[in-house]
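For reference, the structure is listed below as structure tokens.
The values are calculated or read from the model by the stated rules, or taken from the named source; none is laboratory data. All figures in this text were calculated on a predicted structure; none of them were measured in a lab. Cβ coordinates were reconstructed from backbone atoms using ideal geometry, including for glycine residues, and neighbour counts include every protein chain displayed. These accessible areas exclude ligands, DNA and RNA; they are computed on the full protein's heavy atoms, side chains included. Shrake-Rupley method; radii C 1.70, N 1.55, O 1.52, S 1.80 Å.
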Amino acid sequence: MALAILARRRAAEAVARRAHAPGAAALSAWRAYAAAAAAEESDVVVVGGGPGGYVAAIKAAQLGLKTTCIEKRGTLGGTCLNVGCIPSKALLHSSHMYHEAKTSFAHHGVKISNLEVDLPAMMAQKDKAVAGLTKGIEGLFKKNKVTYVKGFGKLTSPSEVSVDLVDGGNTVVKGKNIIIATGSDVKSLPGITIDEKKIVSSTGALCLSGIPKKMVVIGAGYIGLEMGSVWNRLGTEVTVVEFAPDIVPSMDGEIRKQFQRMLQKQKMKFMLKTKVVGVDTSGDGVKLTLEPAAGGEQSTLEADIVLVSAGRTPYTAGLGLDAIGVEMDKAGRILVDKRFMTNVNGVYAIGDAIPGPMLAHKAEEDGVACVEFLAGKEGHVDYDLVPGVVYTHPEVASVGKTEEQVKASGIPYRVGKFPLMANSRAKAIDDAEGMVKVVADKETDKILGVHIMAQNAGEIIHEAVLALQYGASSEDVARICHAHPTVSEALKEACLQTHSKAIHI
């Protein structure tokens with residue numbers, strides 16, 4: 001029986017490969033393939049092919065578990081790869097190159113005349129990167145023998161997922177263990193309708209057809225500041241409206257203040273402690289009615305484009321979870337134990353669908369740990385040591401506790417800081433705005449938190465993650481030889497300053 005099913009599946013795959021266009025033969029072959037895959041029960045069925053889901057699927061297969069992954073988009077990588085992390089970083093890099101050419105090249109002896117933005121070419125580069133990476137994941141699935149089913153999956157029991165296939169039809173995928181890895185979606189705001197034309201989410205902000213004259217960003221978190229930076233560099237007048245008194249509230253206070261000053265220096269405007277109480281899209285643009293967060297006199301603000309960036313919400317509705325009794329909290333997050341299992345035996349959840357930081361790399365770690373448990377091994381994720389990065393310029397990266405958190409805990413502590421103005425590599429390349437800050441236990445010298453504002457801070461932070469993971473002291477890092485000249489030396493100097501005294505200040 002198993003050999004017959006395998007033969008049908010291989011035949012269907014061969015037909016699909018020979019089909020050069022999505023004609024009837026190709027669709028029939030794909031449906032036959034999906035049906036053959038569904039007929040065999042998998043050890044693990046992953047619902048969702050984002051960073052958490054596809055990594056879980058590959059790891060499960062590597063551990064010898066028969067694995068199927070169901071993804072509704074028809075392209076793997078989830079929000080992160082398709083309309084999030086990857087395309088935004090592509091535009092951040094492209095816009096930074098343009099901004100550097102416009103503002104800095106001449107200082108380095110490089111003169112350019114008739115500089116202009118070719119937005120279609122910039123978007124094409126972004127799309128090419130996304131397409132290549134999504135196809136790369138499909139290649140990894142084939143390499144690791146992960147069965148890939150394209151369609152929207154809904155649980156009909158703790159061991160069955162009904163899938164409405166992308167190309168039409170329906171199939172049922174059976175699994176001994178089901179992992180919910182459906183990620184998150186854009187969080188909407190009351191009274192504001194996202195149409196992806198005038199009022200856009202981060203998805204719409206990634207594919208604007210022109211450079212708007214004015215943009216309002218609602219929300220001063222990671223995503224809002226990154227996308228605001230992209231369009232600000234390309235010439236848009238960007239105003240960020242934030243209900244809270246500070247930008248990026250999770251960031252260390254001292255770093256946050258310096259970060260905001262840097263963004264303002266780049267001509268981004270901020271309206272903090274402000275809420276949007278009205279939206280008018282009847283004209284050519286958008287007119288917002290604003291009011292102080294505490295109440296008071298109203299004002300108006302006009303823009304061509306409004307980006308709603310108020311966070312994300314778990315994508316858990318419509319998956320059949322209620323019907324089988326899976327418990328969720330008020331925010332729609334699936335509740336799991338330390339092994340990622342829900343209250344329903346055989347049903348697990350990871351990533352943005354459960355409590356914790358909504359970050360792609362956190363979801364990946366969840367996925368690996370979850371399937372390690374399923375394979376009879378031990379998995380572990382330390383949520384206190386998940387690094388966070390804002391990919392602006394300069395970047396801001398952090399891991400561990402902020403100074404405010406350490407102070408509130410009552411732990412005696414020391415702080416060591418080192419400015420990039422004193423770092424030779426940063427000065428040599430004329431990119432020396434920023435600092436490194438280290439917070440350590442005053443009695444044991446154990447590092448409690450590291451916060452970096454610098455070009456490529458997102459790369460440097462991993463040395464700090466490793467140090468915190470293994471309980472290193474500031475002296476431990478200070479005594480490690482760092483290559484010269486590198487911006488990473490600023491971390492060594494900050495640790496020297498924490499433990500004793502920095503050399504270069």
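For the reader, a short list of remarks on this structure follows.
- Region 344-365 - residue that is part of a helix (DSSP H, G or I) and among the small types (G, A, S) and, of those, surrounded by the most Cβ atoms within 10 Å (Cβ to Cβ): G351
- Test: residue in region 233-243 that is touching a residue at least 24 places away in the same chain (Cβ under 8 Å), closer than 28 Å to K407 by Cβ and surrounded by 23 or more Cβ atoms within 10 Å (Cβ to Cβ): yes
- Selection of region 441-453 for residues being of a type outside the set (A, V, I, L, M) and open to solvent by 10 Å² or more (accessible area, probe 1.4 Å) yields D441, K442, E443, T444, D445, K446.
- Criterion (modelled with pLDDT of 95 or more and either part of a helix (DSSP H, G or I) or over 30 Å from V368 (Cβ atoms) (or both)) met by exactly one of I179, I194: I194
- Condition met for E475 (more than 28 Å from Y222 (Cα to Cα), in contact with a helix residue (DSSP H, G or I) (Cβ under 6 Å, 6 or more places away or on another chain) and surrounded by fewer than 20 Cβ atoms within 10 Å (Cβ to Cβ)): yes
- Residues satisfying the stated conditions in region 377-434, i.e. of a type in the set (A, V, I, L, M) and either part of a strand (DSSP E or B) or assigned by the TED database to the domain that holds P357 (or both): V389, V390, V396, A397, V399, V415
- Members of region 201-251 found to be farther than 22 Å from K102 by Cα and either in a strand (DSSP E or B) or basic (K, R) (or both), listed by number: V216, V217, I218, V240, V241
- V172 open to solvent by 30 Å² or more (accessible area, probe 1.4 Å), out of contact with any Pro (no Cβ under 7 Å at 6 or more places or on another chain) and closer than 30 Å to V371 by Cα: yes
- Close pairs from region 143-164: first in contact (Cβ under 8 Å) with a residue 60 or more places away in the chain, partner open to solvent by 50 Å² or more (accessible area, probe 1.4 Å) and of a type in the set (D, E), Cβ under 6 Å, at least 6 apart: G151/D164; F152/D164
- Looking only at region 177-192, and only at residues there that are of a type in the set (A, V, I, L, M) and under 30 Å from T67 (Cβ atoms), the one that is nearest to the chain's Cα centre (by Cα): V186
- Total residues in region 441-471 satisfying the condition of being under 12 Å from L385 (Cα atoms), of a type in the set (A, V, I, L, M) and in contact (Cβ under 8 Å) with a residue 60 or more places away in the chain: the figure is 4.
- Residues (of a type in the set (A, V, I, L, M) and over 19 Å from A363 (Cα atoms)) located in region 320-350: L321, A323, I324, V326, V344
- The residues listed here are G325, G320; of these, the one that is assigned by the TED database to the domain that holds A181 and either of a type in the set (S, T, Y) or open to solvent by less than 20 Å² (accessible area, probe 1.4 Å) (or both) is G320.
- Segments classed as strands (runs of 3 or more DSSP E), wholly inside region 61-168, with at least 1 members that are open to solvent by 40 Å² or more (accessible area, probe 1.4 Å) and either more than 22 Å from G210 (Cβ to Cβ) or modelled with pLDDT of 95 or more (or both): 147-157, 160-165
- Looking across region 425-440 at every residue that is open to solvent by 50 Å² or more (accessible area, probe 1.4 Å) and touching a residue at least 60 places away in the same chain (Cβ under 8 Å), the one that is farthest from H484 (Cα to Cα) is identified as E433.
- Any hit, region 366-376, residues being assigned to a loop (DSSP other than H, G, I, E, B), touching a residue at least 24 places away in the same chain (Cβ under 8 Å) and of a type outside the set (S, T, N, Q): yes
- When region 261-281 is limited to residues that are under 19 Å from L189 (Cα atoms) and polar (S, T, N, Q), the one that is least open to solvent (accessible area, probe 1.4 Å) turns out to be T274.
- Test: residue in region 454-466 that is polar (S, T, N, Q), under 24 Å from S409 (Cα atoms) and open to solvent by less than 60 Å² (accessible area, probe 1.4 Å): no
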